[in-house]
1. Kindly establish whether SER90 is polar (S, T, N, Q) and in contact with a helix residue (DSSP H, G or I) (Cβ under 9 Å, 6 or more places away or on another chain).
2. Taking into account only those residues within the range 1-53 that are among the aromatic types (Phe, Trp, Tyr) and modelled with pLDDT of 90 or more, which is nearest to SER97 (Cα to Cα)?
3. Out of all the residues in the range 23-36, is one or more within 30 Å of TYR127 (Cβ to Cβ), surrounded by 10 or more Cβ atoms within 10 Å (Cβ to Cβ), touching a residue at least 24 places away in the same chain (Cβ under 8 Å) and not polar (S, T, N, Q)?
4. Where the second residue is among the hydroxyl-bearing types (Ser, Thr, Tyr) and modelled with pLDDT under 90 and the first is assigned to a helix (DSSP H, G or I) and lies in the range 93-118, which pairs have Cβ atoms under 9 Å and are six or more apart or on separate chains?
5. Restricting to the range 1-43, give me the number of residues that are within 30 Å of VAL84 (Cα to Cα) and either in contact with a strand residue (DSSP E or B) (Cβ under 7 Å, 6 or more places away or on another chain) or not hydroxyl-bearing (Ser, Thr, Tyr) (or both).
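The values are calculated or read from the model by the stated rules, or taken from the named source; none is laboratory data. Note that the coordinates shown come from a computational prediction; the quantities given were computed from them, not determined experimentally. Here the Cβ is made from the backbone with ideal geometry for all residues, glycine too, and neighbour counts use every protein chain on show. Each accessible area value is taken on the protein alone, full model and side chains, heavy atoms only, with ligands, DNA and RNA left out. Shrake-Rupley method; radii C 1.70, N 1.55, O 1.52, S 1.80 Å.
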Amino acid sequence: AAASLPPPPATAQLPYLLGFAGWAVASAVLVVVRSRMMLSLGLLAGEVLHSDLLTRVLAAPLSFFDVTPRGRVLSRFSREMLTVDVSLPSALQTYLSTLASVGSTALVVLAASPLFGAFLLPLAFAYSAVQAFYSASSRELKRVEAAT
């Protein structure tokens with residue numbers, strides 16, 4: 001009969017648990033810092049854009065206001081502010097998070113299986129081609145949406 005080893009004492013696992021807890025707390029703190037930084041930078045960008053846009057509208061000749069409806073000017077202000085204050089920081093945060101996740105996953109897979117590197121370059125070219133097609137389509141859809 002095989003003799004089983006006694007379980008390790010609970011104190012032997014304590015350093016590992018404390019290390020795991022430290023990583024979890026550091027991760028939570030960094031998520032909060034990242035979110036606050038993105039919010040602050042987004043608001044700063046919105047403030048700069050609003051100031052520049054307002055300066056240009058106030059400096060526009062009167063003929064601009066004769067041919068441009070007030071609703072279009074107001075819509076431009078509100079749409080640009082929504083994009084810069086809400087959509088852009090959120091999209092940038094999602095992009096950076098995805099980039100970090102894909103990059104770290106690729107590094108782990110490359111470390112475990114260096115042969116994967118041979119497939120990485122063709123995969124990157126395929127991704128680039130699909131992304132170019134999607135970007136062109138998305139740009140055209142946004143243009144059509146803005147015109148209606």
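1. yes
2. TRP23
3. The answer is yes, given that some residue of the range 23-36 is within 30 Å of TYR127 (Cβ to Cβ), surrounded by 10 or more Cβ atoms within 10 Å (Cβ to Cβ), touching a residue at least 24 places away in the same chain (Cβ under 8 Å) and not polar (S, T, N, Q).
4. Every condition considered, the pairs that remain are GLN93/SER35.
5. Total satisfying the criteria: 15.
Quick grid of which residues meet (1) open to solvent by 70 Å² or more (accessible area, probe 1.4 Å); (2) within 19 Å of the chain's Cα centre (by Cα); (3) closer than 30 Å to ARG34 by Cβ:
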position: SER104; (1), (2), (3): no, yes, yes
position: LEU110; (1), (2), (3): no, no, yes
position: PRO122; (1), (2), (3): yes, no, no
position: PHE133; (1), (2), (3): yes, no, no
position: ALA146; (1), (2), (3): no, no, no
